[in-house]
Amino acid sequence: MAIKERKTLQALRGMVDILPEEQGYWRYVREATVSVCEGYGYGQIDTPILEDYSLFSRGVGEVTDIVEKEMYTITDKGGDTIALRPEATAAVCRAYLEHGLHNKPQPVRLYSVGMPMFRYARPQAGRLRQFHQINVEAIGDADATIDAEVVALCWQLFRKLGLKGLSLQLNSIGDPKCRPGYVEALRSYYSQQEGRLCRECKSRLERNPLRLLDCKVPGCQPLIEGAPRSADYLCEECQAHFQALTRYLGLMEVPFTREHRLVRGLDYYTRTVFEVQTSEEGQQNALGGGGRYDGLIEELGGRPTPGVGFAVGMERVILNLKRQGIEPPASPGTRVFVAYVGQEAKAQAVGLVSRLVRSGVSAMLGPAGKSLKAQLRQAGSMGVPYVLILGDQELEKGVVVLRDMTRREQREVGLEEVIEQIR
Ligand code: HAM
């Protein structure tokens, strides 16, 4: 009979396992996020991984890389077109509408941490197909104080994480009143240079001129340098909003630079846009970004409702924590290793581990079929502070050997008292 060869399966490209030794970083980032967000009065929200496809095509924008090229779109068994979420903002706004959160005091301040997002992009360092975001939204207030709060919260998060060498870039891309004039100016400027544009930019010129400023192709950089700036096209209200924001940020001691070419890759932004970047070379240097989206909720079928927020990529944060040598606090690890010799001792050891864990002492059973020496070696390599040893002799006497691995001492303790002794 022919033996069928089985292919070894691997995780999908751009989707990674997070092993126990990595979890300390994740816990560290999660705890910093909870502390900063709750500190600013934000409440946690989690939304489903799958949403109606049109939530993102309407929200993020039909002519964006995310929707056009990167969405995981599925037809479910009922024939509905659904999508794995590529971002959280549209979903949080849907939840805001669905749960009538406009009836609560405004703005409604929401955050999430660790929600997986999916984008079918070419994987590389800092760019995955399944990645995780910290996401923060303040919905229901158009005032620049809220933009300032959200930007300051974002900056505080990086401060709390201990990351150095970051820059905060800020811009205003206007609103539906003044942006068309700016987009027209861009279109006219770029039309005169069409021969010098990369292929992608030629298509952007047709379909989404704002994104021309986002091109990373070296040949397009001089054109970007000379392009019209949104600052020169803002209406009075947008000007005033931006000026107020920069004043508040100054008062909050948040350092920022105005970056005229910052436009962001999602269509819902109005007025404020910002990004936090590392000085590391490479294209994945945006750790987080966001802005105001005053038209999004209306686009999703709600009454006109302003909003502002940002998202941070957790993988990129962790990559930079490692690069900068920032170690998360060590986890306490297992306290007790229970070694045994013989069948009856094995059964008693099983019961003992369970009693230890139930009384709040972390414990682990030794491996079956291994000599005492091998078990002690394993306990030593794990760095546990205590080992309990059970054998026939101990069982007869109703005791267990308690070995203190740090002091390299051991003594017998009654089976009934051992938990108290270790605690
Ligand atoms: P975004 O700029 O598309 O914005 O993503 C935010 C952050 O998520 C990025 O700065 C980056 O750190 C991380 N990120 C994005 N794509 C990937 C990827 N393929 N692999 C790893 N990390 C990635 C948004 O998602 C908006 N929803 C932000 C927002 C919230 N605006 C208003 N509220």
HN-Hα J couplings of the stretch 103-109 from phi, Karplus 6.51/-1.76/1.60, θ = phi - 60°, integer Hz, Gly and Pro as x?
7, 8, x, 9, x, 8, 9
Amide H neighbours of GLY342 at under 5 Å, excluding residues fewer than 5 places away on the same chain, with H built from the backbone geometry, are none
Determine the distance separating the Cα centre of the stretch 224-253 from the Cα centre of the stretch 1-58; give it in Å without decimals.
35 Å
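Multiply the residue gap between ASP143 and ALA240 by 0.36 nm, knock off their C-alpha separation, and tell me the result in nm, one decimal place.
Details: separation 97, 0.36 × 97 = 34.92 nm, distance 1.07 nm.
Net length gain for the segment: 33.8 nm.
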Helix 144-161 vs. the chain, principal-axis angle (Cα, 0 to 90°, nearest 10):
40 degrees
Distant-in-sequence amide H partners of MET115 (H built 1.01 Å from N, under 5 Å):
GLN133
The stretch 336-422: relative contact order in percent, alpha carbon pairs under 8 Å with at least 6 residues between
30 percent
Tell me, what HN-Hα J-couplings in whole Hz come from the Karplus equation 6.51 cos²θ - 1.76 cosθ + 1.60 at θ = phi - 60° for each residue of the stretch 216-226, using x for Gly and Pro?
9, 5, x, x, 8, 5, x, 5, 5, 3, x
Relative to the longest principal Cα axis of the chain, at what angle does helix 372-382 sit, 0 to 90 degrees, rounded to 10?
30 degrees
Can you give me the Cα centroid spacing of the stretch 323-356 and the stretch 140-214 in angstrom?
52 Å
Simple spin-label model, 7 Å along Cα-to-Cβ: SER371 to ARG30 in nm?
4.1 nm
Give me the distance in nm between label points sitting 7 Å out from Cα along the Cα-to-Cβ direction at ASP76 and GLU21, one decimal.
4.0 nm
Here the relative contact order (percent) of the chain, from C-alpha pairs under 8 Å and at least 6 apart, is 15 percent
Which length gain, in nm to one decimal place, applies between ARG408 and ASP52 when the Cα-Cα distance is subtracted from 0.36 nm times their residue separation?
122.1 nm
Distance in nm between label sites at SER203 and GLU62, each 7 Å beyond Cα in the beta-carbon direction?
1.6 nm
Take the Cβ-Cβ distance between GLN221 and TYR40 as r, set R0 to 30 Å, and report the resulting FRET efficiency rounded to the nearest 0.05.
0.20
If you average the sequence gap of Cα pairs under 8 Å that are 6 or more apart and divide by the length of the stretch 44-161, what percent do you get for the contact order?
23 percent
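A short reminder: the numbers here are calculations on the coordinates, not readings from a lab. Please read these numbers as outputs of a predicted model, since none were measured by experiment. Cβ: placed from backbone, ideal geometry, glycine included. Neighbour counts: every protein chain shown.
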